[in-house]
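Below: the structure, in C-alpha cells.
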Amino acid sequence: MKQRETHTFKSANSAGFKKKLLSFYDAENHLVYLESNHGSLKYDSYATLIGVGAIDRITCKSGTALEELDAFRTANQDWMFGFLGYDLKNELENLESTHQDLLDFPDLCFFVPELVFEISDKEVKLYSFITSQKAAEKLIQKIQDHSFSDPKIRSQKGILKAKDSKEAYLEKAQKFLNHIHRGDIYEANFCTQFYAQDVALDTQKAFYDLNSISEPPFAVYARFGSYYAISASPERYLKKTGNQLISQPIKGTAKRSTDLAEDESLKELLFNDPKERSENVMIVDLVRNDLSKTAVKGSVAVAELFGIYTFKQVHQMISTVMAELDQKYSAIDAIKTTFPMGSMTGAPKISAMEIIEENESFKRGLYSGAIGYFTPENDFDFNVVIRTILYNEKRNALSFSVGSAITAAAIPEKEYEECFLKARALIEVLALQGICFD
C-alpha cells in the first residue's frame, strides 16, 4: 500500500491557521476536526487533528456494521475518521430501537481522508500522498492566504422544543427508580431531547461559539455530507495506544461559581457526594468488566478513581480505567465488547438499555455514540457524543440531548435540573443564531 508523506511546517499562529483551514474546506463533504483545547484531560496524543476529503468511505445502518467496519479497516490500514452511533447496540445484543428518528443519521460512518493535519502551537504536520515538499508548501500557503472572515449567520429564526415536558420527565425518572427498587437495575442513564425543525444552522459559527463557551478536551466539528456534529464533549470513550486501552467514564457533575472560594467548595462537595461516588464506581466496575473481555488476564486496573476535573461550565468526576489488549484480539474487538459506553447506559448494561428504550421518547442515533479516528498503526481514540448539536442540513432539523444517571438515591427534580445545567451552553449557542427555547 502506498505510504503517506509527512511534511512539517512552523506555525506562528496556530489558532488563525485552524480557522482559515476550516473556512478553506467549507465545501468539503467529509471533514472531521478534533480539538483538545490544550489537553485539560490526561492521555492526549494530539493537540488538534483534522481529516479532510474522502479517498474511500463506509456508511452503514446497524445490522452488520461493525463487521463491515472490520473488513474496511483491514483493507485500509491508514488514517480513518468517523463515528459509531448508539444504536449499533442492536447488532451487539438482542435489542432494538423503535423511537422516532428526527435526523436519520447513519449508525456508522468512516472515511479514509485525502489529507490529515496535525496542528500544535508551534507547527503543522501534513500527512498526505503529496510527494514533494514544494507542492505541500503551496497547499499550506493557499490555506494561510485564504481570506477568512468571521462566519455570517445564515440561519433563520426557529423554536427549540423539549421532547419531554417537565412533568413527563419526572414521571419517567420515577419509572427508572421503580425498576431500581425492584432490583432490575442499579443505575441507568436517562436522557431527554431538545429539537428544532425548519432551521438553517451556521455550523461553523455554532462550533466556534460552543468551543469558546466550553473549551472541552474532546471538541468536534464534523461533516459527513449533509450530517453535522458540533460537540463540546468532555469525555473519552476509549483510546488504544499500542496494546494499552484507556477509558475515562464521567459520572458526577457540579455547577461552577464565579466566586473562587465557593467554586472550590463546589468541587469538594462533588468529590465527597455519596450519590455521585456511587454512580461513578458502578460505571467504573462496568467498564472494568467490559475491558476484561479482550484484556490480558490481570491487566485491568483503575488508574484514577473520583478525579475532579474543572471545565468552563461544570466540574466533573472522572475515573480512568486501563487494560492491556490481548494480542489475539483486534482493535475492532475492543470496541465491540465495550460499546455503547457504560456511562451512557447503566448497570447491568443490557437491562439498562432495555429500560432506556422503554422510557425515552427519541432514538438516540449518534448521541451517546462516539466520534474519533484510527491511525495507520491501528491505534484509535474516541470521545463520547454528549454536549453535542446534531444537524441534518437536508432536513433543516437539529437536536441535542442531555441526561443524568438515575440511582436509588436520585431525586427526579434534581436530575431534571442537572439536565438543564448540561444543556445551558447548547441553548445559548443556538440562541445566538435566533433558535430560541420555547
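Overview of values
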item: Highest to lowest packing among 347-355, 164-172, scored as the average C-beta count within 10 Å; result: 347-355, 164-172
item: Label point at ALA409 placed 7 Å out along Cα→Cβ; residues across region 273-292 whose backbone nitrogen lies under 18 Å; result: 273-286
item: Taking the chain and dividing mean pair separation by its residue count, relative contact order in percent (alpha carbons under 8 Å, at least six apart); result: 24 percent
item: Cut-off 14 Å between beta-carbons: net charge of the residues surrounding ASP104, Lys and Arg +1, Asp and Glu -1; result: +1
item: Listed peptides 361-368, 191-198 by packing density, highest first (mean Cβ within 10 Å); result: 361-368, 191-198
item: Cα-based helix-to-principal-axis angle, 133-145 vs the chain, degrees rounded to 10; result: 60 degrees
item: Efficiency of FRET between GLU167 and GLU123 - r from beta-carbon atoms, R0 60 angstrom, step 0.05; result: 0.65
item: Neighbourhood net charge (11 Å Cβ-Cβ; Lys/Arg +1, Asp/Glu -1) for GLN244; result: 0
item: Built amide H within the under 5 Å cut-off of GLN433, gap 5+; result: none
item: Principal-axis tilt of helix 203-214 within the chain, Cα atoms, nearest 10 degrees; result: 60 degrees
item: Paramagnetic label zone (point 7 Å from Cα along Cα-to-C-beta, ASN243; backbone N under 17 Å) in region 374-416; result: 378-380
item: In degrees, nearest ten, helix 166-182 long axis to first principal axis of the chain (Cα); result: 70 degrees
item: Those aspartates and glutamates that a straight Cα-Cα span of less than 14 Å connects to LYS251, excepting residues fewer than 8 apart in one chain; result: GLU187, GLU235, ASP273, GLU276, GLU279, ASP285, GLU304, GLU415, GLU418
item: Lysine pairs meeting the criterion (Cα under 18 Å, 8 or more apart or interchain), as found in region 48-148; result: 5
item: Theoretical gain in end-to-end length, GLU93 to GLU67 [0.36 nm per residue, Cα-Cα removed]; result: 7.9 nm
item: Label point 7 Å beyond Cα of ALA303 along Cβ direction - residues of region 1-43 with amide nitrogen under 16 Å; result: 39-43
item: Burial order of peptide ranges 397-403, 11-17, 132-138, 285-291 (average beta-carbon count within 10 Å, highest first); result: 397-403, 285-291, 11-17, 132-138
item: Inter-centroid distance (Cα atoms) of region 53-87 relative to region 264-282, Å; result: 38 Å
item: At 1.002 mPa s and 20 °C, Stokes diffusion of the chain via Kirkwood alpha-carbon radius, µm² per second; result: 97 µm²/s
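Bear in mind these aren't lab numbers, they're just calculated from the coordinates by the rules spelled out. Only a predicted model underlies this, so the values are computations on that prediction, with no experimental measurement involved. Don't worry about glycine lacking a Cβ; one is built from the backbone with ideal geometry, like all the others, and counts go over all protein chains shown.
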